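Step one of this worksheet: look at the structure below.
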Amino acid sequence: MSKAKFTSIGGQALIEGVMMRAPDKTGLCVRQPDGKIYKEYINIASPAEKHKWMKFPLIRGVVGLVTSMMTGYKTLMISAEKSGMNLEDTEAESKFEKWLVDKFGDKLMGIVSGIGMVLGVGLALLLFFYLPTLMRNGSLFLIEKIMGRPFGEVAQSIYTAIFEGVIKLVIFVVYLAVVSCMKEMRRVFEYHGAEHKTIFCFEAGLPLTTENVAKQRRFHPRCGTSFMVLMMIVGMAFSLTLSLLTKGKLKAIWWTVIKILIVPLVMGLGYEVLKLTGKYDNAFTHIVSAPGLWIQRLTTKEPDEEQIEVAIASLGMVLPEEDKLRLGYAEEEPEAEEIEAPGSEESSEEPPQEEPES
């Protein structure tokens, strides 16, 4: 298996589609209501192209993740439109929704997206920062009420860090388990599985056929799910260090503020660890990858043949010509409008570096 391929292609599952990202271009494919596959190239400028210091270790992880989020959000909105999801929403439009459209016009989607983003960030801060700290303090209070003060300062610091980390993982797993029960999200998770299988097929150097892709594993060590788990594990280590330094005496609100401030550092370190799991195949990387691969049982599902076809078409959009020839990839005539691929000399994508897959 070619190790170089591990760092060249990343992707993301969309609504009835898949986005694939190579070092020089990004393409998405979406299955339309009429069964045809819509294709489009996406070009989002990376600040790392203008500021070389953003490519340094630790920093590049934060920059890469922010750029990936921007690309992912844009492609997700396109997939919602091309898959017919927006048409379904329009048919069920209420009087209040019609009033909003008349009042704000084209700005409505931006306003709704902005509100949704703020609410999402607020919910994430509540669930993964403040709530675990509150529960930690509550557990210590109960322990002291029942058992007195059984912990010394060091033991208490270790307990609080591990307790918070476990609570975060539990919340994360429960959230994914609940979401995976939704019919629409299950479809996205099936496309997620198709994305992983297609990349595995490419990395194995096999011809990109639905049969070869279907045989591949759906759990990939560079998945965004694994990245989230790694961030929690790294965050647990940082929490342990902070708890030892502060002797566990910080109030919940200040403890939460400090943890929010060190998030970029946790992201950067988690990204570097993720790169290692993609580059090397040994006992250490297997242990590090194991939690993320296990949780991918919730975020990836077995795809059908049509979903695999979409993932293959998306990967084919970003493959170099030599790889297409080597893998025997025969690109079909586009069934929907296909935007011209950007030339590598004009592309503003980041230089080759490992992108967490969604």
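The values are calculated or read from the model by the stated rules, or taken from the named source; none is laboratory data. Predicted model only: the values in this text are computed from it and were never measured. Note: ideal-geometry Cβ built from the backbone for every residue, glycine included; neighbour counts use all protein chains shown.
For the range 278-288, the count of residues that are at pLDDT 90 or above and of a type in the set (D, E, K, R) is zero. Residue check: is residue 177 loosely packed, with under 15 Cβ neighbours inside 10 Å, within 23 Å of residue 217 (Cβ to Cβ) and out of contact with any Ser or Thr (no Cβ under 7 Å at 6 or more places or on another chain)? When the stated conditions are applied, residue 177 passes them.
Here residue 6 clears all of (1) within 19 Å of the chain's Cα centre (by Cα); (2) at pLDDT 75 or above; (3) assigned to a helix (DSSP H, G or I) except the condition numbered (2). For the range 25-49, taking the residues that are under 18 Å from the mean Cα position of the chain (by Cα), among the hydrophobic types (A, V, I, L, M, F, W, C) and modelled with pLDDT under 90, the one that is surrounded by the most Cβ atoms within 10 Å (Cβ to Cβ) is identified as 42. Of all the residues in the range 138-163, those that are assigned to a helix (DSSP H, G or I) and either surrounded by fewer than 11 Cβ atoms within 10 Å (Cβ to Cβ) or not polar (S, T, N, Q) (or both) number 17. Restricted to the range 248-302, the set of helices (runs of 4 or more DSSP H) holding at least 1 residues that are surrounded by fewer than 14 Cβ atoms within 10 Å (Cβ to Cβ), out of contact with any Leu (no Cβ under 6 Å at 6 or more places or on another chain) and aliphatic (A, V, I, L, M) comprises 252-261, 283-299. Can you find a residue that is in contact with a Lys or Arg (Cβ under 7 Å, 6 or more places away or on another chain), assigned to a loop (DSSP other than H, G, I, E, B), of a type outside the set (Ser, Thr, Tyr) and touching a residue at least 60 places away in the same chain (Cβ under 8 Å) anywhere in the range 201-218? Taking every residue of the range 201-218 in turn, at least one turns out to be in contact with a Lys or Arg (Cβ under 7 Å, 6 or more places away or on another chain), assigned to a loop (DSSP other than H, G, I, E, B), of a type outside the set (Ser, Thr, Tyr) and touching a residue at least 60 places away in the same chain (Cβ under 8 Å).
Scanning the range 66-79 for residues that are in contact with a Pro (Cβ under 9 Å, 6 or more places away or on another chain), over 18 Å from residue 192 (Cβ atoms) and in contact (Cβ under 8 Å) with a residue 24 or more places away in the chain yields one hit, 67. For beta carbons closer than 6 Å, sequence separation of 6+ or different chains, a first residue in the range 161-182 that is without any contact (Cβ under 8 Å) to a residue 24 or more places away in the chain and a second that is surrounded by 14 or more Cβ atoms within 10 Å (Cβ to Cβ) and part of a helix (DSSP H, G or I), the qualifying pairs are 179/185.
Filter the range 15-24 down to residues that are modelled with pLDDT under 90 and in contact with a Gly (Cβ under 9 Å, 6 or more places away or on another chain) and give me whichever is nearest to residue 67 (Cα to Cα). Looking at residues that are modelled with pLDDT under 90 and in contact with a Gly (Cβ under 9 Å, 6 or more places away or on another chain), I get 21.
Just one residue in the set 165, 193 is touching a Ser or Thr at 6+ places or on another chain (Cβ under 7 Å) and modelled with pLDDT of 90 or more; that residue is 193. Out of the range 261-287, which residues are farther than 13 Å from residue 220 by Cα and among the aliphatic types (A, V, I, L, M)? Selection gives 261, 262, 263, 265, 266, 267, 269, 273, 276, 283, 287. Applying the criterion of being hydrophobic (A, V, I, L, M, F, W, C) and farther than 17 Å from residue 279 by Cα to the residues of the range 202-230, the residue that is farthest from the chain's Cα centre (by Cα) is 206.
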